[in-house]
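See structure below.
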Amino acid sequence: MKHFSLSSIAFDPAQLRTTLQHPGSGGFCTFEGWVRNSNEGREVDGLEYEAYAELALAAALRAGHPGMAAVDVYEQEPVRDASYPLLAMENVVCTPHIGYVTRDEYEVQFSEIFDQIAAYCAGAPINVVNPRASGS
């Protein structure tokens, strides 16, 4: 079984190494940052680094692990760049993040949703994606 994951949750690397000691377990890659009190005579007060989850996901998808993905939350929203790597991938479904919707858009969406529910209840469904599946 192939598995790929990114995590923003703290974990114990020693515990993960223990679980991967079986010869068939594959590999494990992690990044650890260590902070010293000083570096070359200058005081150090912290260490910052970022993981670019979307680029890592794109690389993993190109490698085939995972095989497909659906994404609706992005590092920069809304996505306006047509060259955004996940948009061009056939094994990725990208949808807009609903948190970016305006009040006007909510009113349009909910009005359409209520119309569809009312039509379904009246026995005349509308906007059916696959009519054969529903018998319509």
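Per residue, how much accessible area does the stretch 6-136 show when a 1.4 Å probe rolls over the protein heavy atoms, in square angstrom?
Working: 11070 Å² over 131 residues.
Roughly 84 Å² per residue, with all protein chains present.
Quick one: ranking LEU47, LEU61 by accessible area, 1.4 Å probe, largest first, what do you get?
Sorted descending by solvent-accessible area, the residues read LEU47, LEU61.
What is the helix-to-structure angle for 53-63, meaning the angle in degrees between its Cα long axis and the longest Cα principal axis of the chain, kept from 0 to 90 and rounded to the nearest 10?
Once rounded, one gets 80 degrees.
Between CYS121 and GLU40, 0.36 nm times their residue separation minus their Cα-Cα distance comes to what?
Full extension from CYS121 to GLU40 adds 21.8 nm.
Quick one: P(r) of the chain from all Cα-Cα pairs, 5 Å bins, percents rounded to integers, in order of increasing distance.
Reading upward from the zero bin: 2, 7, 11, 11, 12, 12, 12, 11, 8, 6, 5, 2, 1, 1, 1, 0.
Name all residues of the stretch 84-119 having a backbone nitrogen under 15 Å from the label point set 7 Å from the Cα of GLN76 along its Cα→Cβ direction, giving them as ranges.
Once the point is set 7 Å along Cα→Cβ of GLN76, 84-87 turn out to lie under 15 Å by backbone N, inside the stretch 84-119.
Based on the Cβ-Cβ distance from HIS65 to ARG132, what FRET efficiency comes out when R0 is 35 Å, to the nearest 0.05?
0.55
For CYS94, CYS29, give me the order by solvent-accessible area with a 1.4 Å probe, most accessible first, ignoring ligands, DNA and RNA.
Greatest to least solvent exposure: CYS29, CYS94.
If I compute solvent accessible area with a 1.4 Å probe over the protein chains, what percent of it on the stretch 16-136 is carbon and sulfur?
The computed percentage sits at 54.
Rounded to the nearest 500 deg cm²/dmol, what is the calculated helix-only ellipticity per residue at 222 nm for the chain, with -39500 (n - 2.57) per DSSP H run of length n ≥ 4?
Value at 222 nm, helices only: -9000 deg cm²/dmol.
Taking the Cα atoms only, what angle lies between the long axis of helix 103-121 and the longest principal axis of the chain, rounded to 10 degrees?
It works out to around 50 degrees.
Can you give the accessible area of HIS65 in Å² (nearest 10), computed on protein heavy atoms with a 1.4 Å probe?
Rounded to the nearest 10, that gives 70 Å².
Among THR95, VAL108, ALA60, which residue has its Cα furthest toward the positive end of the charge dipole of the chain, with +1 on Lys/Arg Cβ and -1 on Asp/Glu Cβ?
Farthest towards the positive end: ALA60.
Taking θ as phi - 60°, what are the ³J(HN,Hα) couplings along the stretch 82-88 by the Karplus curve (6.51, -1.76, 1.60), each to the nearest whole Hz, with x for Gly and Pro?
5, 8, 3, x, 6, 5, 8
The values are calculated or read from the model by the stated rules, or taken from the named source; none is laboratory data. None of these values were measured; they are calculated from a predicted model. Glycine also receives a Cβ, built like all others from the backbone with ideal geometry; neighbour counts cover every protein chain displayed. Quick note on the areas: whole protein, heavy atoms, side chains included, nothing else; ligands and nucleic acids left out. Shrake-Rupley method; radii C 1.70, N 1.55, O 1.52, S 1.80 Å.
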